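One structure is given below, encoded as structure tokens.
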Amino acid sequence: MAVPRVFEKMEEKLKEIAAQSPTILQKLSGWAKGKGTAHTEARLNGKANPFGYSLAHFLVLGRIKKALGLQEAKAMIVGAAPLKKATFTYFKSLDMPIINCYGMSECNGPETVSKALKYKDDTVGYGIQETHIKIESREQTEGGYDNEGEIC
């Protein structure tokens, strides 16, 4: 689990390394990342691995995970602030999907978290067991009611 800046710095460094690699390795990496994205989407939808994923994992994706020390990670969770959609997409291409967690210090920590194999982009997941969440309506404004409310 980390704040968004940690994942953004990892992405920046990986992209920097990739930009300095020979063209053939950049093409191989691009192919592997396509397989990584397809694999992540297949897992989320209960489908089989795409053809070539195992080779992509062996040649590229697994090595990246190992270099980062994340080869044993079951889930990568971001919290404390929003993460850029591009960063979510980048890590999904590495077959290292990041899931959201939401909470407030006033509530003593996390309130919602997505499940590793059941999440949607741009959501903060499901309420943690025994957590009761409601959205309080805001007061009427000059332009009508504001659709956004306060999380309680």
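The values are calculated or read from the model by the stated rules, or taken from the named source; none is laboratory data. All of these numbers come straight from a predicted model, not from anything done at the bench. In this analysis, Cβ positions are derived from the backbone assuming ideal geometry, glycine residues included, and neighbour counts consider all displayed protein chains. Just so you know, the surface numbers come from the protein's heavy atoms only, side chains and all, with ligands and any DNA or RNA stripped out. Shrake-Rupley method; radii C 1.70, N 1.55, O 1.52, S 1.80 Å.
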Non-local amide H neighbours of residue 128 (under 5 Å, H modeled in plane, Pro and chain starts lacking H): which ones? 112, 113
Exposed-loop-free span, longest in the chain, where GluC sites (Glu not before Pro) count as exposed if DSSP calls them loop and at most 13 other C-beta atoms lie within 10 Å: 1-71
Of 22, 110, 82, which has the largest mean-square fluctuation in a 10 Å C-alpha GNM of the chain? 22
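Which chymotrypsin sites (Phe, Trp or Tyr not before Pro) from region 35-126 combine a DSSP loop assignment with at most 13 other Cβ atoms within 10 Å? Provide the component values of the computation, followed by the final result.
Working: sites: 51, 53, 58, 88, 90, 91, 102, 119, 126; in loops: 51, 119.
Passing both the DSSP loop test and the Cβ count: 51.
Using the Kirkwood formula over every pair of different C-alpha atoms, what hydrodynamic radius in Å results for region 7-49? Display every interim value, and only then the final one.
On the way: mean 1/r = 0.0854 Å⁻¹.
This gives a value of 11.7 Å.
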If I stretch the segment between residue 43 and residue 81 completely, what's the gain in nm (0.36 nm per residue apart, minus their alpha carbon distance), one decimal? 11.1 nm
Non-local amide H neighbours of residue 76 (under 5 Å, H modeled in plane, Pro and chain starts lacking H): which ones? 99
If exposed trypsin sites (Lys or Arg not before Pro) are those in a DSSP loop with at most 15 other Cβ within 10 Å, what is the longest stretch of the chain that has none? 1-46
Could you run the Karplus curve 6.51 cos²θ - 1.76 cosθ + 1.60 with θ = phi - 60° over region 70-86 and give me ³J(HN,Hα) per residue in whole Hz, x for Gly and Pro? 10, 5, 9, 5, 8, 7, 10, 10, 10, x, 5, 6, x, 9, 4, 4, 4
Could you derive backbone 3J(HN,Hα) for region 40-48 from the dihedral phi with the Karplus parameters 6.51, -1.76 and 1.60 (θ = phi - 60°), listing whole Hz in sequence and x where the residue is Gly or Pro? 4, 5, 4, 4, 5, 9, x, 9, 6
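Consider all pairwise Cα distances in the chain and report the whole-number % of them above 21 Å. Write out the running numbers ahead of the final one.
Working: 6061 of 11476 pairs.
Across the chain, Cα pairs with separations above 21 Å total 53 percent.
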Surface accessible to a 1.4 Å probe, per residue, for the residues of the chain, Å²: 68 Å²
Under the Karplus relation 6.51 cos²θ - 1.76 cosθ + 1.60, θ = phi - 60°, what is the ordered set of whole-Hz ³J(HN,Hα) values for region 24-33, x standing for Gly and Pro? 4, 6, 5, 5, 4, 5, x, 4, 5, 5
